[in-house]
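Note sheet for the following structure.
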Amino acid sequence: MAKHSLIALVEDRPGVLNRVASLFRRRGFNIESIAVGHSETPGLSRMTIVVDGTATSVEQVRKQLDKLIDVVKVTDITEDGLVARELALFKVKSTSATRSEILQIVDIFRANIVDVASDSMMVEVTGDEDKVDSLFRLLKGFGIREVARTGRIAMARGAGGPIVVEEKPKRARPKRVKGAEEISNL
Amino acid sequence: MKLNGAQILCESLLKEGVEVMFGIPGGAVIPFYDVLPEYPKLRHILTRHEQGAVHAAEGYARALGKVGVCVATSGPGATNLVTGIASAYLDSSPMVALTGQVARPSIGKDAFQEIDITGITLPITKHNYLVTAAADMAGVVREAFHIARTGRPGPVLIDIPRDVFIEEAEFRYPDKVNLRGYKPTIQGHPAQIKKAANLINEACRPLIIAGRGVLISRASAHLKELAEKAQIPVITTLLGIGSFPESHILSLGMLGMHGMAYANMAVNAADLIIAIGMRFDDRATAKVSSFAAHAKVIHIDVDPAEIGKNVKVDVPIVGDVGAVLQVLNRDITPKNHVEWVSQLDEWRRDHPSTVIRETDDLIPQYVVRQIYEVTKGDAIIVSGVGQNQMWAAQYFEYNRPNTWISSGGLGPMGFELPAAMGAKVACPEETVWCIAGDGGFQMTIQELATIEQEKLAVKIAIINNRFLGMVRQWQELFYERRYVATPLSGPDFVKVADAYGIAGLRVTDKVMVTSAIETAMEHQGPFLIDFQVEPEENVYPMVPPGAAIHEILEEPRKEARVV
């Protein structure tokens, strides 16, 4: 079992999210997160779906997804070396005594304060799940009132895109750039 | 040319070559029915229940290889289609289901007879549509038929709000479909085909398993060429029956839970399985982990999602069965597998799975065999689900494609009568026999009225054992004969037929069987025979649930072995 990031390019039509979500349910998968937004092609949306599963079972669900008429292309980019990000908002309890400590932590994580009230602050953070999780753990001590996370969006590294909309004889595989470290981990 | 939505729908159906629809009107579809008289080339057959309409559309589709069309109104009309749509989905039958919907302003208001049928049918259709403007109608119908009949066929539902039927729009039928998310692979990958050919050429005990994909792709001739060229024995799945002539010396009949013992033994002994247009259903494979344990597997299927779904495959080939076989056959070297074939012959001799035991009792196997004898095999057989289905599959010899129509994947009892009706509409020149159980027959018995009204000469054989037979068999074998809720009283079927204006006969004795079948055949119209058979007859061979495919229960009685 491992976390897989599936990227689906889908027609931007009513009901498509339902079709995709229903397929995961039917095949017994729990979607850990799903993020949807516009893609580079007009009329197509891009979904990033994170699921837990064995390589073979995820491959089966990928193929089932590909069968949906409104799904143009699905790629499992887990193995390809990817950049994954999510955005989170935390509403943290704060007092005059704790405010500066919170600010320090936020600064270390290159996060931002986006709202301040008398007894709380709203923190905005971007990064991979690990980073968001660690900031959450650190802020938890101060008391967290509310959490909102977008779920993962992801993209394969390198020049090639994982997604080919028009049929080509060979599927373009994303090239993994050797030595490319995730420089913005924090 | 400005037309209203209903007219656009009719024009579009004609463009798609539709000749017949099965359906029932209702509030939401009145505007559609209202324009039907303007289109005399569209024949509408009024069924007595929407389930009858949808099964009839599937029977029609399977007999002819054309898209079957059914129509229902919104709400209950639409939900009554669900069972038949699911059947078409699981058996990959091309179908377009048209449903009415409440008018657009009422959608989402829980209006009278409003139901979210596109939501309900999401997991059982290949695709579905809600038409939100008359201007979209032609394009949707074009796409729907394209999706239904290409690639791996399946049902497509089009939900049409009442006011869209009335709204006017310009009619222009699109000549091309452009679906960027739907481009089925037809040609197999040449390198994969090469690999498969090599495996076939090297194999000592190769075995072909042919499924419904062969029939859908109309590839029986290519299959025969492959089998004969390399002398490979052929077994079929339940739905693959008819794809390879059962009279052929290389035919081993059907595999699976009630397959021929020797076919199942062959699967276990083979060193190469060539699976063609089949999906390794659990009723075919039995315990999947020990299926074809000594064999490499080549899997040819048009649906990439079937590859590796149930069984690990060594050489997958995604493509249309016919297109793939055509290329593959060129790379096959002629070969004999004398040892292997004679081994199979020996098993066939020692385990005669379809020998009818000698008895004076009226047993169902004998009834089916006599239908075969009297029709000389020249008939379309439409079965129900359960014991009658298995006997009909086992004791009739199928030598032509599309002469066996049975719902294998879903297994809905009540399929037989309406599907036989659809098959007869599709092929009026053919003899159509509906082989029903007394349980299933009572689920769609009302279609006798449709058969009478449309003067459809369907011949009906009820295998009447006064039990829900297959469940009773499981209770006998695995639940210590606790017959809970399986004994079944039925009406006097001959009287029922008579009440519907259909001629019939009751057969209670073996000596009456042949003459009754002959009477039915000579009779001009529909005819029903109530065969009152031995109530506790079992279907053998049987692979018990959970057992491996070669762990076969054969008929236990001594008389079973008649040489």
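The values are calculated or read from the model by the stated rules, or taken from the named source; none is laboratory data. Computed from a prediction, not measured in an experiment: that's the story for all the values here. Note: ideal-geometry Cβ built from the backbone for every residue, glycine included; neighbour counts use all protein chains shown.
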Seminar exercise, completed: If we take the stretch A:78-155, then strands (runs of 3 or more DSSP E) inside it with 1 or more residues that are of a type outside the set (Lys, Arg), under 12 Å from the mean Cα position of the chain (by Cα) and modelled with pLDDT under 95 are A:82-93
Problem set entry | The one condition in (1) of a type in the set (A, V, I, L, M, F, W, C); (2) under 24 Å from the mean Cα position of the chain (by Cα); (3) farther than 26 Å from B:ASP509 by Cα that B:ALA392 fails to fulfil | (3)
For this session: Kindly establish whether B:GLY422 is crowded, with 24+ Cβ neighbours inside 10 Å and either aromatic (Phe, Trp, Tyr) or not in a helix (DSSP H, G or I) (or both).
Result: no
For this session: Give me a count of the residues in the stretch B:327-350 that are in a helix (DSSP H, G or I), under 25 Å from B:ALA221 (Cα atoms) and acidic (Asp, Glu).
Result: 1
For this session: Return the total of residues in the stretch B:166-185 being among the β-branched types (Val, Ile, Thr) and within 14 Å of chain A (Cβ to nearest Cβ).
Result: 2
For this session: Search the stretch B:546-558 for residues being surrounded by 11 or more Cβ atoms within 10 Å (Cβ to Cβ) and modelled with pLDDT under 90, and hand back the single one that is nearest to B:MET254 (Cα to Cα).
Result: B:GLU554
Seminar exercise, completed: Residue count, the stretch A:28-73, condition within 9 Å of another protein chain (Cβ to nearest Cβ), assigned to a loop (DSSP other than H, G, I, E, B) and of a type in the set (Asp, Glu), comes to 1
Exercise. Within the stretch B:1-43, how many residues are modelled with pLDDT under 95 and either buried (at least 19 other Cβ atoms within 10 Å of the Cβ) or part of a helix (DSSP H, G or I) (or both)?
Worked result: 0
Exercise. What number of residues within the stretch B:351-383 satisfy the criterion of being more than 20 Å from B:VAL533 (Cα to Cα) and not in a loop (DSSP other than H, G, I, E, B)?
Worked result: 2
For this session: State the number of residues belonging to the stretch B:288-308 that are crowded, with 17+ Cβ neighbours inside 10 Å and in a helix (DSSP H, G or I).
Result: 3
Problem set entry | Top-ranked residue of the stretch A:1-59 - restricted to ones that are over 17 Å from the mean Cα position of the chain (by Cα) and touching a residue at least 60 places away in the same chain (Cβ under 8 Å), ranked as surrounded by the fewest Cβ atoms within 10 Å (Cβ to Cβ) | A:THR41
For this session: Only one of these is within 14 Å of chain A (Cβ to nearest Cβ) and crowded, with 24+ Cβ neighbours inside 10 Å: B:THR99, B:THR121. Name it.
Result: B:THR121
For this session: Quick one: which strands (runs of 3 or more DSSP E) lie wholly within the stretch B:433-545 and hold at least 3 residues that are in contact (Cβ under 8 Å) with a residue 24 or more places away in the chain and buried (at least 20 other Cβ atoms within 10 Å of the Cβ)?
Result: B:459-464, B:527-532
Exercise. Which of the residues spanning the stretch A:1-27 are among the basic types (Lys, Arg) and within 12 Å of another protein chain (Cβ to nearest Cβ)?
Worked result: A:ARG13, A:ARG19, A:ARG25, A:ARG26, A:ARG27
Problem set entry | Leading residue by the ranking (surrounded by the fewest Cβ atoms within 10 Å (Cβ to Cβ)) among those in the stretch B:52-96 that are of a type in the set (Val, Ile, Thr) and over 17 Å from the mean Cα position of the chain (by Cα) | B:THR79
Exercise. Among the residues of the stretch A:79-99, is any buried (at least 19 other Cβ atoms within 10 Å of the Cβ), within 14 Å of chain B (Cβ to nearest Cβ) and touching a residue at least 40 places away in the same chain (Cβ under 8 Å)?
Worked result: no
For this session: Determine, yes or no, whether B:ALA221 is free of Cβ contacts under 8 Å to residues at least 12 places away in the same chain and within 14 Å of chain A (Cβ to nearest Cβ).
Result: no
